[in-house]
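One structure is given here, and the rest of the page talks about it.
The values are calculated or read from the model by the stated rules, or taken from the named source; none is laboratory data. Source: prediction; values computed, not measured. Here the Cβ positions follow ideal geometry from the backbone for every residue, glycine too, while neighbour counts run over all protein chains shown. Side chains are part of the model used for accessible areas, which takes the heavy atoms of the whole protein and leaves out ligands, DNA and RNA. Shrake-Rupley method; radii C 1.70, N 1.55, O 1.52, S 1.80 Å.
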Amino acid sequence: SAVISQKPSRDICQRGTSLTIQCQVDSQVTMMFWYRQQPGQSLTLIATANQGSEATYESGFVIDKFPISRPNLTFSTLTVSNMSPEDSSIYLCSVAPPGQGFETQYFGPGTRLLVL
Amino acid sequence: GQQLNQSPQSMFIQEGEDVSMNCTSSSIFNTWLWYKQDPGEGPVLLIALYKAGELTSNGRLTAQFGITRKDSFLNISASIPSDVGIYFCAGQLQNSGYALNFGKGTSLLVTP
C-alpha cells in the first residue's frame, strides 16, 4: 500500500473563488487519480494524472474547471475553480502503487469542501 | 461510467451476525475491489479480486469474483461494532483503462 496525505483536510469557501488541494504520497507512483464524492453519494472519477503528461479527464469534467498538476512522482494538485455551492463535496486522491496493477487504488483521507 | 448495482443499500444487524452484500452489473469487469469508508475518512481497501471465480479472505471478510465477471459479493462473518461503516464495491471495466466504477455503497450498522 502507500501512505497518502491531503491538504487541506477541509475548507469553507465563498462562491466564485478557487481552492487548490494537494496530495502527497510517501513513495513514487506512476498514476494518481482524483475523485469526487458528493454528499451521501459514491465516488466519481474526475481525472487521471500521470507525471510528465496532461491529465486525462472523465466525461463531465473539464480542465478549465478542475486543472491538475503532477510535477513529480509523489505529488499532485487539483484546483476547483470558480466554485459554486454544487462543488461542495469530498475530493479524494488515490494512487496505484507499483506491483499491484493500476486498478488497485489506495485513497487519501479526502478534502471536505463546503462552498457558500 | 458503467452502473454498478450494489445491494442492500443498508443493513442493521446485531453483533455476531454474518453479513452479505453484493454488486452486479450488465458489463464485464477485469477487477473487483471492496472498500470500507468510515465517517470523515477516505475509503480503505479491504479486498482486491483479479480473476473470475477467485475467492479471497481477509480476516473475517471473504469476497468472490463472479464467474460471469459481472458480479462480486462480500461476506463479513461474526460482525463486531467496529464493522460499522459504508462498504463500496468498485470495478475496473474490461477495455476501459484504469478508471474505477463505484457502487452506491452499503451502510452497515451493528448493535452490541
A:Ser42 fails exactly one of the following numbered conditions: (1) within 10 Å of another protein chain (Cβ to nearest Cβ); (2) open to solvent by 50 Å² or more (accessible area, probe 1.4 Å). What is the number of that condition?
(2)
Is it the case, given these coordinates, that A:Gln100 is within 10 Å of another protein chain (Cβ to nearest Cβ) and more than 14 Å from the chain's Cα centre (by Cα)?
yes
I'd like to know if region B:21-34 contains one or more residues that are more than 28 Å from A:Glu58 (Cβ to Cβ) and touching a residue at least 60 places away in the same chain (Cβ under 8 Å).
no
If we keep just the residues of region B:83-97 that are within 17 Å of B:Arg60 (Cα to Cα) and more than 10 Å from chain A (Cβ to nearest Cβ), which is most open to solvent (accessible area, probe 1.4 Å)?
B:Val84
Could you tell me which residue of region B:27-50 is most open to solvent (accessible area, probe 1.4 Å), considering only residues that are polar (S, T, N, Q) and farther than 21 Å from A:Val3 by Cβ?
B:Asn30
Flag for A:Ser27 being within 14 Å of chain B (Cβ to nearest Cβ) and closer than 21 Å to B:Val44 by Cβ
no
When region B:80-111 is examined, which residues are found to be part of a strand (DSSP E or B) and among the hydroxyl-bearing types (Ser, Thr, Tyr)?
B:Tyr87, B:Thr106, B:Ser107, B:Thr111
Scan region B:22-43 and give yes if some residue there is part of a loop (DSSP other than H, G, I, E, B), within 14 Å of chain A (Cβ to nearest Cβ) and more than 26 Å from A:Val95 (Cα to Cα), otherwise no.
no
Residues located in region A:23-39, provided they are open to solvent by 50 Å² or more (accessible area, probe 1.4 Å) and among the β-branched types (Val, Ile, Thr):
A:Thr30
Selection from region B:8-21 of residues open to solvent by less than 50 Å² (accessible area, probe 1.4 Å) and closer than 29 Å to A:Tyr91 by Cα yields B:Pro8, B:Met11, B:Met21
Got at least one residue in region A:50-66 being open to solvent by less than 70 Å² (accessible area, probe 1.4 Å), out of contact with any Lys or Arg (no Cβ under 8 Å at 6 or more places or on another chain), of a type in the set (S, T, N, Q) and assigned to a strand (DSSP E or B)?
no
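Results for (1) open to solvent by 10 Å² or more (accessible area, probe 1.4 Å); (2) touching a Ser or Thr at 6+ places or on another chain (Cβ under 7 Å), shown as yes or no for each residue.
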site	(1), (2)
A:Thr77	yes, yes
A:Val80	no, yes
A:Glu86	yes, no
A:Tyr91	no, yes
A:Val95	no, no
A:Gln100	yes, no
A:Glu103	yes, yes
A:Phe107	yes, yes
A:Thr111	no, yes
Counting only residues that are over 15 Å from the mean Cα position of the chain (by Cα) and outside any strand (DSSP E or B), which one in region A:4-24 is farthest from the other protein chains (Cβ to nearest Cβ)?
A:Gly16
Hey, any hits in region B:55-78 for a residue that's at the interface with another protein chain (Cβ under 10 Å from one of its Cβ atoms), at pLDDT 95 or above and surrounded by 22 or more Cβ atoms within 10 Å (Cβ to Cβ)?
no
Which members of region A:1-22 meet the condition of being of a type in the set (Asp, Glu) and open to solvent by 70 Å² or more (accessible area, probe 1.4 Å)?
none
Looking at region A:25-36, I want the residues that are on the phi < 0 side of the Ramachandran plot and assigned to a loop (DSSP other than H, G, I, E, B) and have a partner that is polar (S, T, N, Q) and open to solvent by 40 Å² or more (accessible area, probe 1.4 Å) with Cβ atoms under 9 Å, at least 6 apart or on another chain. Which pairs are those?
A:Asp26/A:Ser5; A:Gln28/A:Gln51; A:Gln28/A:Asn72; A:Val29/A:Gln51; A:Thr30/A:Asn50; A:Thr30/A:Gln51
